[in-house]
Structures are given as C-alpha cells and as structure tokens.
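Structure first, commentary second.
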Amino acid sequence: MTGRRSKTPLWKPGDVPASGGLLDWRDGRHFDHRGNRPCVLCGRPTPMRSHYGEPVHKTCAEDWIAAHPTEARLGRFASDTRSTARGGDDHA
C-alpha cells in the first residue's frame, strides 16, 4: 500500500536511516492530537504522522525502510533533523 501524501514535507525531514536502522522521531509534531487514523502501512489506528502527514506507526515505517531500501532513499520516511542549538547528539 503506498498511501497518499503531500509532495512537500510539513517540516524539514532529516536523514533516512540505513536498512534496519531506527528513525529518530522525537519531535512532537509526529503526534497528531486530533486523533487516530489508519496507518498507511498496516491499517491499524495511530496518532503518529510522518513528515509528510501520513498516519504511520514508527515501527511500520522502520520495517518499510528495511523492506524497500532503494525506494526508502527517496525520503518517504526520515528521521528528524538534529538541532545543533540543543546539543544535536544528546541521547538522554
């Protein structure tokens, strides 16, 4: 299932993790307080959103990246950009 998404991200995405890597989705904008919508990949409800506004579980997006490494490089699902103002690499 490909799902529909905007051609431009709602906010700037960062890098796409390597196949098997984890997405860094710490930014609160990934959580939609308006409620759950069906995940574009598994169909179960989720409040999570990609940078393009697609409803998707973070784990579903990570599994999709692992299963579609070539297509994943186009950036459908990406990590958040790291802010140098907040230290960038803090792993609290």
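Table for the structure above
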{"quantity": "Criterion violated by Pro17 - all others in (1) in contact (Cβ under 8 Å) with a residue 24 or more places away in the chain; (2) over 19 Å from Arg82 (Cβ atoms); (3) assigned to a loop (DSSP other than H, G, I, E, B) satisfied", "calculated": "(2)"}
{"quantity": "Subset of region 24-39 that is in a loop (DSSP other than H, G, I, E, B) and touching a Pro at 6+ places or on another chain (Cβ under 6 Å) - its residue that is farthest from His51 (Cα to Cα)", "calculated": "Asn36"}
{"quantity": "Residues located in region 40-52, provided they are of a type outside the set (Val, Ile, Thr), closer than 18 Å to Leu74 by Cα and assigned to a loop (DSSP other than H, G, I, E, B)", "calculated": "Leu41, Ser50, His51, Tyr52"}
{"quantity": "Residue in region 32-45 that is surrounded by 14 or more Cβ atoms within 10 Å (Cβ to Cβ), within 25 Å of Arg82 (Cα to Cα), at pLDDT 95 or above and under 14 Å from the mean Cα position of the chain (by Cα) present", "calculated": "yes"}
{"quantity": "Residue list for region 19-31, filter: surrounded by 15 or more Cβ atoms within 10 Å (Cβ to Cβ) and closer than 17 Å to Pro69 by Cα", "calculated": "Leu23"}
{"quantity": "Any chance Thr8 is in a loop (DSSP other than H, G, I, E, B) and hydroxyl-bearing (Ser, Thr, Tyr)", "calculated": "yes"}
{"quantity": "Residue list for region 53-83, restricted to those being free of Cβ contacts under 8 Å to residues at least 60 places away in the same chain and in a strand (DSSP E or B)", "calculated": "Pro55"}
{"quantity": "Residue in region 47-62 that is among the acidic types (Asp, Glu), surrounded by 12 or more Cβ atoms within 10 Å (Cβ to Cβ) and touching an Asp or Glu at 6+ places or on another chain (Cβ under 8 Å) present", "calculated": "no"}
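The values are calculated or read from the model by the stated rules, or taken from the named source; none is laboratory data. No experiment lies behind these values; they were computed from the predicted model shown. Reconstructed Cβ throughout: ideal geometry from the backbone, glycine too, with neighbour counts over all protein chains shown.
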